[in-house]
Amino acid sequence: MGKSLTRKIIESHYASGSMISGEEVFINVDQTLTHDINAVMTYLAFEAVGLDRIRTECSVSYLDHNLLYVDTKTPDDHIYLQSAAKKFSVHVSRPGNGICHAVHVARFGIPGKVSMGGDSHTPHGGAIGMLCIGVGGMDVATAMTGVPMRLKMPQIVKVNLTGKLNPGCNAKEVILEMLRRVSIKGGLGKVYEYVGLGVSTLDVNARATIANMGAEMGATTSLFPADEQVRKFLKAQGREADYIELLPDEDAEYDEVMELDLSALEPLVACPHQPDNVKKVAQLGKEIMQKSGIERENVTEQKKVQQVLIGSCTNASYSDIAKAALVLQGHHVHEDVSCTCAISTRQIYKQLSHDGYLEMLVDAGVRLLEIACGPCCAIGQSPATNGVAVRTTNRNFKGRAGNPTAEIYLVSPETAAATAITGTFTTAAEIMGADIEKLKTVQEPEQYFIDDSMIIKPLAKEEAARVEIMRGPNIKPLPVPEDPKQNLCVGVSLKAGDNVSTDDITPASAEFSSMRSNIPLMSQYCYHRYDPTFAARAKEMGKSIIIGGENYGQGSSREHAAINPMYLGVKCVIAKSIARIHKGNLINHGIVPMLFENPTDYDGIELKDELEIENFLDQIQTRTVAVHNRTKGNSFRVKLDMTDNEVEVVLSGGQLKYLKKYLMK
């Protein structure tokens, strides 16, 4: 049998381990990326290792998430990150250059390479046939040392695309349909490889939307072939020399096969509070659209919208914004709606301005935001109290936009623009009628404006050696976990429900994000929105265990969701299931992730129950641990879904200690 694209790339980067699905494999990493609100921990870890330069082909530090300087903390972080990058020979993408994923694919991405990014949406790069995996910051620091990446060999799912998207439908519909089918945790341990005749109809930026939001399925990554569309994209970026054709074999073997007809899709919306709560847009909004005269049947929900956001890394390409502008052309944003637009890169902003699309947006009453992640991670543009926010972003967890009372709906740019006009859920077809065919005329530029003046290139080794790393007063040392003890007897500091996100554990916003380089300060707000009493309780208990439900730690890659509990004395998390990146972050920072053998045992544990584990270090190595509930007088068993290397990391007291020992060898 032939080989899938995923297997080809992993084989070409193979270092050691097993290529059997579910087993541990180590692969060499070509590139890494970080962004500002998570990266300080990454570079503090790299400093602690003691190397003077990175050992990857290319590493980039993006200053793109928190550009809202509410006090001195974030500008101090940016100065630290820029100086650290110069010291260690890392590229820096300066504030205003654009969002990391979009910039990286355009200016650094190469088909067939392996990239690790300190952001869960790093799989965006799968759009050009690059194996891109989101991880925590400690894993990025490890990759920058040249140490191969630890990976559980994934199952590979073939998604056969046929047909072609109709005007008014977007690649957002493709990934929302995938989420509807797969769910937010159905992709755990899998890579989704998109193939078929329908793939050739999707340009690179459409593919990026799909690959980017594959993270919401819990997938390891998503991947498209490096074909003619990729060649055109790289040529338009002035980088055709980086193109190589990279396709799966015609008789490639896959673990699973899915079929998806692009032409059968219609506008979709992810409803609160999960990206897989997907409905048709036609099911929402007013029963009668007075402007279009179209009657809707089977309307299940009527909502008045207060806020619309067009943009983010997921849906802020040239085509996305241009199509939204065409929908808005000749109309005006509803008087009850605040409509903003965040374009993904400086390059795209300039092209849209040149072609007149920004003028269309401004004429329609749309406010143009800074070129940054911003509102997607609750930095600015918080919805009103109990507000309904319609966004083209990738997540709609409760509190994701900075306001736990808000309802966030995820749609395509075309639907977002139409909704901004009417103030309720509306499709582009209902606004444009027969003119919707105009959307077919939008194509990505044959030649983008090329200007890398906002990217600081690495210094020569001699110059780098003279750089002094600048640390503001908010930047505190990276906490290092204690070594695990043979016997553990601690209380339950939190009993969490299902689908707890990293936003729940470490809240986002301009204010909270600026604290992330100061763990003593940030830890005071651990679980701040989910359980405001947690931090004080955990600190008082000294050492504790967290109990979680299904899909614990879903969402963002932010390792602070592991570092903060570790700093507060959390030694273990016992849950029904744990999201991939968060599980890795827990291991890296010395918290042992464990799963209930019998999920019903979850029901018998209460807050502050005292749990005892004897011979813990010995039991960790067997992958099965007996836990005694001293408060209830009963016992239950948990299992460790961990590889040999992960067990070694845990027993070493976390990845940093393990890495130092590894490099000394």
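Only one residue in Val159, Val191, Val204 is under 22 Å from Ser556 (Cβ atoms) and crowded, with 20+ Cβ neighbours inside 10 Å, so which one is that?
Details: Val159 fails: under 22 Å from Ser556 (Cβ atoms); Val204 fails: under 22 Å from Ser556 (Cβ atoms).
Exactly one of Val159, Val191, Val204 is under 22 Å from Ser556 (Cβ atoms) and crowded, with 20+ Cβ neighbours inside 10 Å, namely Val191.
Exactly one residue out of Leu478, Leu439, Leu494 is part of a helix (DSSP H, G or I) and touching an Asp or Glu at 6+ places or on another chain (Cβ under 9 Å): that is Leu439.
Answer yes or no as to whether Ile519 is outside the structural domain of Ile587 (by TED's automatic domain parsing), in contact (Cβ under 8 Å) with a residue 24 or more places away in the chain and under 29 Å from the mean Cα position of the chain (by Cα). Answer is no for this residue. I'm trying to understand the selection: among the residues of segment 363-372, which are of a type in the set (A, V, I, L, M, F, W, C) and either more than 24 Å from Asn66 (Cα to Cα) or assigned to a loop (DSSP other than H, G, I, E, B) (or both)? Within segment 363-372, Ala364, Val366, Leu369, Ile371, Ala372 qualify. Going by what's in this entry, would Thr426 be described as at pLDDT 95 or above and either surrounded by 24 or more Cβ atoms within 10 Å (Cβ to Cβ) or not in a helix (DSSP H, G or I) (or both)? Taking the combined requirement at face value, the residue does not satisfy it.
Of the residues contained in segment 45-62, one or more are found to be at pLDDT 95 or above, within 29 Å of Ser12 (Cα to Cα) and out of contact with any helix residue (DSSP H, G or I) (no Cβ under 9 Å at 6 or more places or on another chain).
To keep it simple, each residue is scored yes or no on (1) surrounded by fewer than 22 Cβ atoms within 10 Å (Cβ to Cβ); (2) in contact with an Asp or Glu (Cβ under 8 Å, 6 or more places away or on another chain); (3) under 30 Å from Asp227 (Cβ atoms).
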| site | (1), (2), (3) |
| --- | --- |
| Val70 | yes, yes, no |
| Asp77 | no, yes, no |
| Ala85 | no, no, no |
| Gly96 | yes, yes, no |
| Arg107 | yes, yes, yes |
| Ser115 | no, yes, yes |
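Would you mind finding the one in Ala536, Ala510, Ala575 that is assigned by TED's automatic domain parsing to the domain that holds Phe616 and without any contact (Cβ under 8 Å) to a residue 24 or more places away in the chain? Don't jump to the end; show me each part of the working.
Working: Ala510 fails: without any contact (Cβ under 8 Å) to a residue 24 or more places away in the chain; Ala575 fails: without any contact (Cβ under 8 Å) to a residue 24 or more places away in the chain.
Residue meeting the stated conditions: Ala536.
There is no residue in segment 343-358 that is aliphatic (A, V, I, L, M), under 30 Å from Ala236 (Cα atoms) and out of contact with any helix residue (DSSP H, G or I) (no Cβ under 9 Å at 6 or more places or on another chain). Considering (1) among the acidic types (Asp, Glu); (2) outside any strand (DSSP E or B); (3) under 30 Å from Ile587 (Cβ atoms); (4) touching a Leu at 6+ places or on another chain (Cβ under 6 Å), the lone condition that Asp139 does not fulfil carries the number (4).
Within segment 364-377, identify whether any single residue is under 15 Å from Val327 (Cβ atoms) and over 27 Å from the mean Cα position of the chain (by Cα), and answer yes or no. Looking through segment 364-377, at least one residue is under 15 Å from Val327 (Cβ atoms) and over 27 Å from the mean Cα position of the chain (by Cα).
Whether a residue is touching a residue at least 24 places away in the same chain (Cβ under 8 Å) and over 12 Å from Met144 (Cβ atoms) was assessed, and Val105 passes this test.
When Leu165 is tested against (1) of a type in the set (A, V, I, L, M); (2) touching a helix residue (DSSP H, G or I) at 6+ places or on another chain (Cβ under 7 Å); (3) not in a loop (DSSP other than H, G, I, E, B), only condition (3) is not met.
Among the residues of this structure, Glu437 counts as one that is among the charged types (D, E, K, R) and farther than 30 Å from Thr506 by Cβ. The set of residues in segment 10-45 being among the polar types (S, T, N, Q), part of a loop (DSSP other than H, G, I, E, B) and surrounded by 16 or more Cβ atoms within 10 Å (Cβ to Cβ) consists of Asn28 alone. State which residue is modelled with the lowest pLDDT when the search covers only segment 548-576 and only residues that are in a loop (DSSP other than H, G, I, E, B) and of a type outside the set (Gly, Ala, Ser). Checking each candidate, the answer is Arg558. Screening the candidates Glu193, Glu216 for the property of being in contact with a Lys or Arg (Cβ under 8 Å, 6 or more places away or on another chain) and assigned to a helix (DSSP H, G or I) yields one hit, Glu216.
Being of a type outside the set (Gly, Ala, Ser), closer than 30 Å to Val105 by Cβ and either in contact with a His (Cβ under 9 Å, 6 or more places away or on another chain) or in a loop (DSSP other than H, G, I, E, B) (or both) is a description that applies to Gln447.
Residues of segment 397-439 that are free of Cβ contacts under 8 Å to residues at least 12 places away in the same chain and not small (Gly, Ala, Ser): Asp435 alone.
Counted as qualifying within segment 46-117 are the strands (runs of 3 or more DSSP E) with 1 or more residues that are in contact with a Gly (Cβ under 9 Å, 6 or more places away or on another chain) and not small (Gly, Ala, Ser), namely 58-62, 114-117. All conditions but one from (1) surrounded by 24 or more Cβ atoms within 10 Å (Cβ to Cβ); (2) of a type in the set (Gly, Ala, Ser); (3) modelled with pLDDT of 95 or more; (4) farther than 15 Å from Glu216 by Cβ apply to Gly196; the one that does not is (1). Only residues that are more than 21 Å from Phe534 (Cβ to Cβ), touching a helix residue (DSSP H, G or I) at 6+ places or on another chain (Cβ under 9 Å), among the basic types (Lys, Arg) and surrounded by 16 or more Cβ atoms within 10 Å (Cβ to Cβ) were counted across segment 578-636, and they come to 0.
Take Tyr567 and tell me if it is within 20 Å of the chain's Cα centre (by Cα), within 30 Å of Leu151 (Cβ to Cβ) and outside the structural domain of Ile379 (by TED's automatic domain parsing). When the stated conditions are applied, Tyr567 does not pass them. The set of residues in segment 379-408 being at pLDDT below 85, surrounded by 24 or more Cβ atoms within 10 Å (Cβ to Cβ) and over 14 Å from the mean Cα position of the chain (by Cα) consists of Ile379, Ala401.
Looking at segment 554-577 only, could you name the residues that are of a type in the set (D, E, K, R) and either crowded, with 24+ Cβ neighbours inside 10 Å or out of contact with any Gly (no Cβ under 6 Å at 6 or more places or on another chain) (or both)?
The initial filter retains those residues of segment 554-577 that are of a type in the set (D, E, K, R), namely 558-559, 571, 576.
Once the filter is applied, which keeps residues that are of a type in the set (D, E, K, R) and either crowded, with 24+ Cβ neighbours inside 10 Å or out of contact with any Gly (no Cβ under 6 Å at 6 or more places or on another chain) (or both), segment 554-577 yields Arg558, Glu559, Lys571.
Would you please list the contacts, defined by Cβ atoms under 8 Å and residues six or more apart or on different chains, that run from a residue in segment 377-396 that is farther than 22 Å from Ser514 by Cα to a residue that is among the basic types (Lys, Arg)? From segment 377-396, the pairs are Val388/Lys303; Val388/Lys304; Thr392/Lys172.
The values are calculated or read from the model by the stated rules, or taken from the named source; none is laboratory data. The structure presented is a predicted model; accordingly, all values stated were derived computationally and were not measured. Glycine gets a Cβ as well: all are built from the backbone with ideal geometry, and neighbour counts include every protein chain shown.
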